[in-house]
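Enquirer: First, the structure itself, so that you have it in front of you.
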Amino acid sequence: INRGVIPYKDQVLAENHHFMLRLLERALGNSQFDVDLNDTSVVIAAENLIPIPIEFVLRRYMAKSTTSTSLYSAYLKGEREFSGHSLPDRLIANGVLPYLMDTPSTKSDEHDETISERKALALMLCTAEQYTVMRSRGFYGFGIADEFLRGHNVILADTKLEFGVNHLGEVVVQDEVITMDSSRF
């Protein structure tokens, strides 16, 4: 379904990505090269990372959603454990969660599947050390972005980060960094 065309969407996303990456680079790491391109360039020059096959979803709010992997959908079905987290009764749609939750997902038979840290390790999608780095970097970056956005009267409900391993063996962010396509505000 084509819901319409957003003029300059890729340029807006690129500018958003570059701004957030500069804000969060110390927290998330960086695989990009410094190349003399403007921030609206849709070309991103970056190291070819070894991708970690996890979408690292961080949730601060139970955002209302119809997707099958959403916390909201699971909660409506009566599930009180989600991605390894115990959920209290009486959560409300779009309400704040008790704490920032790491709720990773991965592709399974061509669709997204929400998994827990334990399952990610059992499936050998990453090592325990890599998961700890992704969680630490993700939480730190989320906190910085959340504080910045709240200063502009915007709430960061959730975001998806993707990580990879660089040539030094470091886990760093790859792909979009807190953009309108990877986050809900």
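Enquirer: Could you check how many residues of the range 110-124 are assigned to a strand (DSSP E or B) and surrounded by 17 or more Cβ atoms within 10 Å (Cβ to Cβ)? Spell out how you get there, then give the answer.
Expert: Keep residues of the range 110-124 that are assigned to a strand (DSSP E or B), which gives 111-114.
Subset that is surrounded by 17 or more Cβ atoms within 10 Å (Cβ to Cβ): 114.
Matching residues across the range 110-124 total 1.
Enquirer: Checking LYS107 against (1) modelled with pLDDT under 95; (2) outside any loop (DSSP other than H, G, I, E, B); (3) touching a helix residue (DSSP H, G or I) at 6+ places or on another chain (Cβ under 9 Å): exactly one of these is not met. Which one?
Expert: The one condition LYS107 does not meet is (3).
Enquirer: Determine, yes or no, whether LYS77 is of a type outside the set (S, T, N, Q), in contact with a strand residue (DSSP E or B) (Cβ under 8 Å, 6 or more places away or on another chain) and more than 22 Å from ALA27 (Cβ to Cβ).
Expert: In short, no.
Enquirer: If you scan the range 66-104, which residues turn out to be in a loop (DSSP other than H, G, I, E, B), closer than 21 Å to ASP146 by Cα and under 17 Å from the mean Cα position of the chain (by Cα)?
Expert: SER70, THR103, PRO104, listed by residue number.
Enquirer: Looking at the range 38-52, is at least one residue surrounded by 13 or more Cβ atoms within 10 Å (Cβ to Cβ), modelled with pLDDT of 95 or more and touching a Cys at 6+ places or on another chain (Cβ under 8 Å)?
Expert: Yes, the conditions are met somewhere in the range 38-52.
Enquirer: Also, I was wondering about something else. Please go through the range 175-185 and give me each residue that is buried (at least 16 other Cβ atoms within 10 Å of the Cβ) and either of a type in the set (S, T, N, Q) or in a loop (DSSP other than H, G, I, E, B) (or both), ordered by number.
Expert: Those that are buried (at least 16 other Cβ atoms within 10 Å of the Cβ) and either of a type in the set (S, T, N, Q) or in a loop (DSSP other than H, G, I, E, B) (or both): ASP175, GLU176, VAL177, ILE178, THR179, SER182, SER183.
Enquirer: If we scan the range 97-105, do we find a residue that is crowded, with 20+ Cβ neighbours inside 10 Å and in contact (Cβ under 8 Å) with a residue 60 or more places away in the chain?
Expert: no
Enquirer: Here is a further query. For the range 118-137, how many residues meet the condition of being farther than 21 Å from GLU81 by Cα and touching a residue at least 24 places away in the same chain (Cβ under 8 Å)?
Expert: 6
Enquirer: Shifting gears a bit: Among the residues of the range 140-174, write down those that are under 10 Å from the mean Cα position of the chain (by Cα), surrounded by fewer than 21 Cβ atoms within 10 Å (Cβ to Cβ) and outside any strand (DSSP E or B).
Expert: none
The values are calculated or read from the model by the stated rules, or taken from the named source; none is laboratory data. What you see is a predicted model; the values in this text were computed from it and never measured. Note that we place each Cβ from the backbone using ideal geometry, even for glycine, and neighbour counts take in every protein chain shown.
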